[in-house]
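The values are calculated or read from the model by the stated rules, or taken from the named source; none is laboratory data. None of the values given here were measured: they were computed from a predicted structure. When we count neighbours, we look across all protein chains shown, and the Cβ atoms used for this are built from the backbone with ideal geometry, even at glycine.
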Amino acid sequence: MESSTAQQVLKLLFCAAGLQASYLTWGVLQERVMTRTYGATETNPGEKFKDSQFLVFMNRILAFTVAGLYCALTKQPRHGAPMYKYSFASLSNILSSWCQYEALKYISFPTQVLAKASKVIPVMLMGKLVSRKSYEYWEYLTAVLISVGVSMFLLSSAPDKHLSTVTTFSGVVLLAGYIVFDSFTSNWQDALFTYKMSPVQMMFGVNIFSCLFTMGSLLEQGALLESARFMARHSEFAVHAVLLSICSAFGQLFIFYTINQFGAAVFTIIMTLRQAFAILLSCLIYGHAITVVGGLGVAVVFMALFLRVYARSRMKKRSKKLPTSEVPVQKV
């Protein structure tokens, strides 16, 4: 019994360490690639990498390869989902990733992380539109708390003197685009899971189309060769881009494994902590300043997220204790 508990604890630590290492490294590299110059010397100011679509392409290629190998080695059972249905999730996933990278040109990484934490609100709205879901009162309460916390952070943050109103507005528009597209992706994938596929099969199917879409777009714009030349000129960028892709692909596998072993609630807690650590790391490494009110706003957001996890776990325990006839039915 004790050895079994110890094994579970070790497994949980492995999952937590894998998720934190993958996504914290990914976040730091993402900000480095999109906001800093490469090849700078005393006489040369260096140059920034501009085509975030190429980074999306690299991420999707590796994710497709990892998922394909996993499916082949584990001999995943067949499912009946039509292939074309993956394309909708793929296109929205590409657009959300592109918006996420581009937004870093105009807003700080902590702002982006906090906005991502608040995407529960548009996900709920999209769930009502796409899947006609209904929600409990505590879900609306936590959504309001998250909105208040994000507002406190954004309104109290000292504006960067180097950013104009136009570029700041561009960052907000891109963030909104990321949240809308990402909300659609999660709800569409949720609907696809009715075909009884595994998460890795979903990862494989979506990334097939993602590779095709991004490759076609890069070739049509002539951006593939230009990005490859930039990579050849700056070996440091090549290392960062490859590491970014590795963190993204293996991070997804850690997500699937953690949910499979410990459930969605434990996974959500780990990832919520990861978002808090990501803000701290970004502030330490890249020198972002957060005011006292902004810090309180961050605390409100994460308090609301943990409250959400706690309430959901209580609801699940209560529904398991009720007789079958008394289990509340999800309204459609």
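Looking at this structure, is Leu243 at pLDDT 85 or above and in contact with a helix residue (DSSP H, G or I) (Cβ under 9 Å, 6 or more places away or on another chain)? It would help to see each step written out before you state the result.
Values: at pLDDT 85 or above: yes; in contact with a helix residue (DSSP H, G or I) (Cβ under 9 Å, 6 or more places away or on another chain): yes.
Judged against the criteria, Leu243 is a match.
Kindly indicate which of Ser97, Ser92 is polar (S, T, N, Q) and under 21 Å from Tyr195 (Cα atoms).
Sole residue among the options that is polar (S, T, N, Q) and under 21 Å from Tyr195 (Cα atoms): Ser92.
Pick out the one residue from Ile285, Ile259, Ile270 that is in a helix (DSSP H, G or I), over 30 Å from Lys317 (Cβ atoms) and either out of contact with any strand residue (DSSP E or B) (no Cβ under 6 Å at 6 or more places or on another chain) or of a type outside the set (D, E, K, R) (or both). Before the answer, list the steps.
Values: Ile259 fails: over 30 Å from Lys317 (Cβ atoms); Ile270 fails: over 30 Å from Lys317 (Cβ atoms).
So the residue among Ile285, Ile259, Ile270 that is in a helix (DSSP H, G or I), over 30 Å from Lys317 (Cβ atoms) and either out of contact with any strand residue (DSSP E or B) (no Cβ under 6 Å at 6 or more places or on another chain) or of a type outside the set (D, E, K, R) (or both) is Ile285.
Give just the number: which of (1) surrounded by 14 or more Cβ atoms within 10 Å (Cβ to Cβ); (2) part of a helix (DSSP H, G or I) does Ala232 not satisfy?
(1)
If I ask for residues that are among the hydrophobic types (A, V, I, L, M, F, W, C) and either in a helix (DSSP H, G or I) or surrounded by fewer than 20 Cβ atoms within 10 Å (Cβ to Cβ) (or both), which ones from the stretch 105-122 would you list? Give the steps one after another, and end with the answer.
First, the residues of the stretch 105-122 that are among the hydrophobic types (A, V, I, L, M, F, W, C): 107, 109, 113-115, 117, 120-121.
Matches in the stretch 105-122: Phe109, Val113, Leu114, Ala115, Ala117, Val120, Ile121.
Report yes if some residue within the stretch 5-21 is in contact with a Gly (Cβ under 6 Å, 6 or more places away or on another chain) and in contact (Cβ under 8 Å) with a residue 40 or more places away in the chain; otherwise report no.
no
Out of curiosity, is Phe49 touching a residue at least 40 places away in the same chain (Cβ under 8 Å), crowded, with 17+ Cβ neighbours inside 10 Å and in contact with a strand residue (DSSP E or B) (Cβ under 9 Å, 6 or more places away or on another chain)?
Spelling it out, Phe49 is indeed touching a residue at least 40 places away in the same chain (Cβ under 8 Å), crowded, with 17+ Cβ neighbours inside 10 Å and in contact with a strand residue (DSSP E or B) (Cβ under 9 Å, 6 or more places away or on another chain).
Examine the stretch 317-332 for a residue that is among the β-branched types (Val, Ile, Thr) and modelled with pLDDT of 75 or more, and state whether such a residue exists.
Scanning the stretch 317-332, I find no residue that is among the β-branched types (Val, Ile, Thr) and modelled with pLDDT of 75 or more, so the answer is no.
If Ala72 satisfies every condition in (1) in contact (Cβ under 8 Å) with a residue 60 or more places away in the chain; (2) assigned to a helix (DSSP H, G or I) but one, which is the exception?
It fails just one condition, (1).
Condition first: part of a helix (DSSP H, G or I) and exposed (fewer than 15 other Cβ atoms within 10 Å of the Cβ). Now tell me which residues in the stretch 194-229 satisfy that.
Answer for the stretch 194-229, where residues must be part of a helix (DSSP H, G or I) and exposed (fewer than 15 other Cβ atoms within 10 Å of the Cβ): Thr194, Tyr195, Leu212, Met215, Gly216, Leu219, Glu220, Gln221, Leu225, Glu226, Ala228, Arg229.
Identify all residues within the stretch 123-136 that are part of a helix (DSSP H, G or I) and under 21 Å from Phe302 (Cβ atoms); write none if there are none.
Val123, Met124 - these are the residues of the stretch 123-136 that are part of a helix (DSSP H, G or I) and under 21 Å from Phe302 (Cβ atoms).
Within the stretch 15-46, restricting attention to residues that are under 17 Å from Ala238 (Cβ atoms) and among the charged types (D, E, K, R), which residue is surrounded by the most Cβ atoms within 10 Å (Cβ to Cβ)?
Ranking the qualifying residues of the stretch 15-46, first place goes to Arg32.
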